[in-house]
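Read the structure below first, then the notes.
The values are calculated or read from the model by the stated rules, or taken from the named source; none is laboratory data. Given the structure is predicted, the values throughout are model-derived calculations rather than measurements. Glycine also receives a Cβ, built like all others from the backbone with ideal geometry; neighbour counts cover every protein chain displayed.
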């Protein structure tokens with residue numbers, strides 16, 4: 001999300017990073033700070049591309065984001081979990097669209113650009129969630145360019 005207001009009545013900067021970033025994890029993927037996952041492919045530290053197609057789940061409370069994380073680990077689709085749990089962009093399944101380097105701040109951007117593209121059916125996502133001033137984000141990306 002841009003550092004300022006969101007586009008088209010969006011979430012007003014809620015995808016800006018802060019707090020700590022995490023490794024990536026899909027269903028049955030690697031634990032904690034590891035940066036590999038097995039669900040939709042591997043999530044590895046990768047500097048390629050200047051734009052990514054981002055989805056996220058934003059929850060103000062840690063307990064709620066952890067409920068969302070359990071749904072993802074149980075195999076529920078990312079967009080469905082976002083619709084049910086996210087407090088931002090829920091009507092769009094957490095889709096923030098294409099974002100470029102510099103349009104997100106700090107650890108949100110760092111975590112997002114470390115992920116490899118995956119699908120909502122088999123997402124590779126940040127685990128643990130990334131904390132910002134807006135709450136806790138579970139981030140996945142669908143493409144790089």
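Just a yes or no: is a residue in region 117-127 surrounded by fewer than 23 Cβ atoms within 10 Å (Cβ to Cβ) and farther than 18 Å from residue 52 by Cβ? Scanning region 117-127, I find at least one residue that is surrounded by fewer than 23 Cβ atoms within 10 Å (Cβ to Cβ) and farther than 18 Å from residue 52 by Cβ, so the answer is yes.
Inspect region 99-115 for any residue being modelled with pLDDT of 95 or more and in contact with a helix residue (DSSP H, G or I) (Cβ under 6 Å, 6 or more places away or on another chain) and give the result as yes or no. No; the residues of region 99-115 include none that is modelled with pLDDT of 95 or more and in contact with a helix residue (DSSP H, G or I) (Cβ under 6 Å, 6 or more places away or on another chain). Annotation: of all residues in region 124-142 being part of a loop (DSSP other than H, G, I, E, B) and either touching a strand residue (DSSP E or B) at 6+ places or on another chain (Cβ under 6 Å) or under 20 Å from residue 97 (Cβ atoms) (or both), the one that is modelled with the highest pLDDT is 129. Select from region 89-116 the residues that are buried (at least 19 other Cβ atoms within 10 Å of the Cβ) and assigned to a helix (DSSP H, G or I) and list them in ascending order. 107, 108, 109, 111, 112, 113, 114 - these are the residues of region 89-116 that are buried (at least 19 other Cβ atoms within 10 Å of the Cβ) and assigned to a helix (DSSP H, G or I). Would a scan of region 39-58 turn up a residue that is more than 16 Å from residue 142 (Cα to Cα), at pLDDT 90 or above and crowded, with 17+ Cβ neighbours inside 10 Å? Taking every residue of region 39-58 in turn, at least one turns out to be more than 16 Å from residue 142 (Cα to Cα), at pLDDT 90 or above and crowded, with 17+ Cβ neighbours inside 10 Å.
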